[in-house]
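In what follows, a structure is listed as structure tokens, so that the remarks can point back to it.
The values are calculated or read from the model by the stated rules, or taken from the named source; none is laboratory data. All figures in this text were calculated on a predicted structure; none of them were measured in a lab. With ideal geometry, Cβ positions are generated from the backbone for all residues, glycine too; neighbour counts draw on all protein chains shown.
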Amino acid sequence: MNHRTLFPALANKSYFNYGGQGPMPQMAMEAIMRSHVQMQELGPFGNGVVPWMSEQTELVRNAIASHINTKPETITLTENVTVGCNIAMWGIDWKPGDRLLLTDCEHHAVIAIAQTLKHRFGIEVATCPILNTSNPIDAIAQHLTPHTRLLVVSHILWNTGQVLDLEKISQICHQNNTLLLVDAAQSFGSMPLDMNQLNVDFYAFTGHKWMCGAAGLGGLYVRPQAKDKLLPTFVGWRSVTTNTRGDIKNFQPDGRSYEIATSNYALFAGLKVAIDIHEQWGNIQSRYEKILKNSKYLWDKLQKISKIKCLLSSPPESGLVSFQLTNLEPGSSQKLVNLLESQGIFTRTIANPDCIRACVHYFTLESESDRLVEAIIREIGV
């Protein structure tokens, strides 16, 4: 309970939207403000502020790398997951006839990138159905062809909460000479991650969801063996090295080659503090286990409601619990979400499949889940 007081947004609501945006710890917000003040006192542009900005950049890069068990040089700092996906998807040297494969559970931001690539380069964009498939690995394997240059999947499906086996997916991709990009919007900060073990090529994540950092800061992991296959698309002064005369020498040798220019450096301190606060409660394995306990608790409760159908037939291996209202009129899901929010209970709808998603974190209380379930029963008349 005491740990929850570090997150002021939790004081007046029951919050189930961690998959959209996490509530920031008070100390993270204070760290951001202190950073803004520090930059103004040192500069904001001058010789004194540059070393400070470099220090903040390396601190957050190192913290991110430690969290996903990789080296800092594999990390590109971005604004969010979508920017990371854009870097990976646009950076491939596409040729007409190449094939890009998505699943039918990808976010519409990724779908929009894929459609734009199709129109720009004349590539084929295919979709692998895994939403109602008992074995998504086999389904993906069957949809890979010799022309499939890139597969895009989500580590945790944002609509159902299902966790995909990335180790097996990366294995079949590499056997097919296919690069693998992972949308990690729902996994970074919510479950243990080891890039060496997962063996994926690109892993795009954000700090503002489960890690509870400020909006506007995320990252992209690029596997060292895949870096030569990923060209910089957007380029700026942070992407390159220069000599003493300011002449461009080359691209940066590491993840900085995909970074562009000035960032909101104050956010770096905020995310670093947020990561530290989570670690104060327990390591990522213990936090993940508590998330699973909380999601099972909510899933079990929802399963007992006659007019509710959970999308997964067993408790999710993530903090996302998605469910549908049965035998109700179209638009009922959004109406219920609106009614819940009017009572201080925050959930959201998902369009495909039409459902309501409730996200639980490690510090979610059972009493909050009880309150959500009681409100649902009261509103739908079970």
Practice task
Inspect all residues belonging to the stretch 162-176 and state whether any of them is hydroxyl-bearing (S, T, Y), in contact with a helix residue (DSSP H, G or I) (Cβ under 9 Å, 6 or more places away or on another chain), in the same structural domain as E73 (by TED's automatic domain parsing) and under 22 Å from V83 (Cβ atoms).
Solution key: no
Exercise for the section: For the stretch 309-339, enumerate the residues that are under 13 Å from Y15 (Cα atoms) and surrounded by fewer than 22 Cβ atoms within 10 Å (Cβ to Cβ). Expected result: V337
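Evaluate the following for N47: is it touching a helix residue (DSSP H, G or I) at 6+ places or on another chain (Cβ under 8 Å) and farther than 16 Å from G216 by Cα? Walk me through how you get there before you give the answer.
Numbers: touching a helix residue (DSSP H, G or I) at 6+ places or on another chain (Cβ under 8 Å): no; farther than 16 Å from G216 by Cα: yes.
It is false that N47 is touching a helix residue (DSSP H, G or I) at 6+ places or on another chain (Cβ under 8 Å) and farther than 16 Å from G216 by Cα.
Give the residue, chosen from V50, V37, V60, V83, that is over 21 Å from D276 (Cα atoms) and either in contact with a Leu (Cβ under 8 Å, 6 or more places away or on another chain) or surrounded by 15 or more Cβ atoms within 10 Å (Cβ to Cβ) (or both).
Numbers: V50 fails: either in contact with a Leu (Cβ under 8 Å, 6 or more places away or on another chain) or surrounded by 15 or more Cβ atoms within 10 Å (Cβ to Cβ) (or both); V37 fails: either in contact with a Leu (Cβ under 8 Å, 6 or more places away or on another chain) or surrounded by 15 or more Cβ atoms within 10 Å (Cβ to Cβ) (or both); V60 fails: over 21 Å from D276 (Cα atoms).
Answer to the check: V83.
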Practice task
Might you let me know whether the stretch 78-88 holds any residue that is in contact with a Ser or Thr (Cβ under 7 Å, 6 or more places away or on another chain) and farther than 30 Å from D354 by Cβ?
Solution key: yes
Exercise for the section: Within the stretch 184-200, track down each residue that is touching a residue at least 60 places away in the same chain (Cβ under 8 Å) and touching a helix residue (DSSP H, G or I) at 6+ places or on another chain (Cβ under 8 Å). Expected result: A184, A185, F188, G189, S190, M191, P192, L193, M195, Q197
Exercise for the section: Restricting attention to the stretch 92-134, report how many residues are assigned to a loop (DSSP other than H, G, I, E, B), among the β-branched types (V, I, T) and either farther than 22 Å from T349 by Cβ or not assigned by TED's automatic domain parsing to the domain that holds H147 (or both). Expected result: 3
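Would you mind finding the one in L42, L100 that is farther than 19 Å from G219 by Cα, surrounded by 19 or more Cβ atoms within 10 Å (Cβ to Cβ), more than 20 Å from the chain's Cα centre (by Cα) and aliphatic (A, V, I, L, M)?
Just a single option satisfies the conditions, and that option is L100.
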Handout entry: Scope the stretch 23-74; condition at pLDDT 95 or above, outside any helix (DSSP H, G or I) and in contact with a Phe, Trp or Tyr (Cβ under 9 Å, 6 or more places away or on another chain); matching residues
Key = P23, M24, P25, I68, T70
